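Read through the structure below, which is laid out as structure tokens, and then see the notes.
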Amino acid sequence: MRVEDVSFYSEGERVSATLRLPDRSGDAPFPAVVQGPGWLGLKDAQLYLPYHEALTAAGIAVLIFDYRGFGSSGGASDLLLPSRQLEDLINAVTFVASRTDVDDDSIGTFGSGGTGGGNAIMLAAADSRIRCAVSQVPVADGEDWLRRMRREYEWYELLESLRADRTARVLTGEGRLVHPREDIMLQTPERRATKVKKDVDSRVPTRVQLRSVEGILAYKPIEAVGRIADAPLLIIGVEDDPVTPTDHAVDLYERARPPKKLLMQRHTTHYGAYAQHADTVIPQISDWFSTYLRREPVTVRHDAGVTT
């Protein structure tokens with residue numbers, strides 16, 4: 001696997017990215033997969049490396065980047081808006097398609113972890129250049145996701161705080177800053193204990209605008225998945241998952257058009273599954289992209305015109 005540090009611009013702001021390429025340079029142009037990190041993730045998290053190693057071994061390039069405001073990318077670090085991340089993903093597709101060593105007719109997307117998984121679906125629905133997609137432990141409905149983390153009174157307190165913040169922004173020009181893990185996505189005991197993302201956790205923004213919640217409430221991959229017209233979709237869930245609810249993955253699968261597949265990981269946890277089922281899941285991901293990513297140069301539609 002060859003690694004290049006690259007960058008591109010998203011709506012005028014510089015985005016830092018890593019491009020991982022197969023060793024066999026003579027086989028270029030390669031099919032490619034674009035990945036935006038998961039919820040509060042960064043491009044250089046070691047968590048993603050086994051996936052990239054498997055894909056490049058299969059002859060597929062991978063572009064992963066830091067969203068604007070995160071990691072090494074430019075832009076405001078106090079905004080956490082899925083709509084802005086989707087802009088970055090679309091611009092990442094344009095960047096990778098511009099590479100002479102990438103087949104611009106064979107680009108897919110992979111996303112893992114909450115909005116990471118949901119963003120893969122949003123991108124496949126928004127950008128017809130995406131040939132296939134893999135969505136791992138996705139959020140399907142941002143409003144349902146945030147509500148189910150809270151007791152009933154806490155949910156109404158959040159809505160009231162949003163109303164107050166909206167008024168303050170209009171009257172004073174300034175809004176409230178909150179911690180994205182303590183005040184937006186409430187951490188489960190497993191998340192507090194896990195070391196899965198320990199290599200990047202200290203570099204993730206800790207103060208974001210409360211108005212970011214409004215963007216997450218409007219985040220609806222469940223409404224977008226049915227618009228994916230020609231991109232086979234692999235969805236990966238975890239049974240009895242309190243972090244990204246299991247029924248989110250199931251509902252997305254049921255609404256998606258075929259070809260589609262649902263992998264459900266059992267006897268594990270949201271964060272434990274990454275290592276526990278890697279030997280099964282990662283080859284499935286690689287096989288999915290190998291099967292559906294490259295578009296054939298000749299397609300056939302056949303109508304014999306025979307009536308009886």
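The values are calculated or read from the model by the stated rules, or taken from the named source; none is laboratory data. All of these numbers come straight from a predicted model, not from anything done at the bench. Heads up, the Cβs are rebuilt from the backbone with ideal geometry, glycines too, and the neighbour counts pull from every protein chain shown. Note: areas computed on protein heavy atoms with side chains; ligands, DNA, RNA excluded. Shrake-Rupley method; radii C 1.70, N 1.55, O 1.52, S 1.80 Å.
Structural remarks
- Most positive-pole-ward Cα, Met122, Gly111, Ala164, against dipole of the range 104-165 from beta carbon charges: Gly111
- With protein chains left intact and a 1.4 Å probe, residues in the chain average 45 Å² of accessible area per residue.
- DSSP-assigned coil residues among trypsin sites (Lys or Arg not before Pro) in the range 187-227, each with at most 12 further Cβ atoms within 10 Å: Lys195, Lys198, Arg207
- Exposure ranking of Glu214, Glu11 by accessible area [1.4 Å probe, largest first]: Glu11, Glu214
- Relative contact order (percent, whole number), the range 211-258, Cα cutoff 8 Å, 6+ residue spacing: 46
- Sum of -39500 (n - 2.57) over DSSP H runs of 4+, divided by residues of the chain (222 nm, nearest 500): -10500 deg cm²/dmol
- For the chain, lysine pairs with C-alpha atoms less than 28 angstrom apart, excluding pairs fewer than eight positions apart on the same chain, total 10.
- The value of relative contact order for the chain, using C-alpha pairs under 8 Å at least six residues apart, is 19 percent.
- Pairwise centroid distance, computed over Cα atoms, of the range 192-270 with the range 65-143, Å: 13
- Local electrostatic count at Tyr153 - Lys and Arg +1, Asp and Glu -1, tallied over other residues with Cβ under 14 Å: -1
- For the range 1-138: relative contact order, % (alpha-carbon pairs under 8 angstrom, 6 or more apart): 27
- Taking Cβ atoms as reference points and 11 Å as the exclusive limit, the residues near Pro232 contribute a net charge of +3, counting Lys and Arg as +1 and Asp and Glu as -1.
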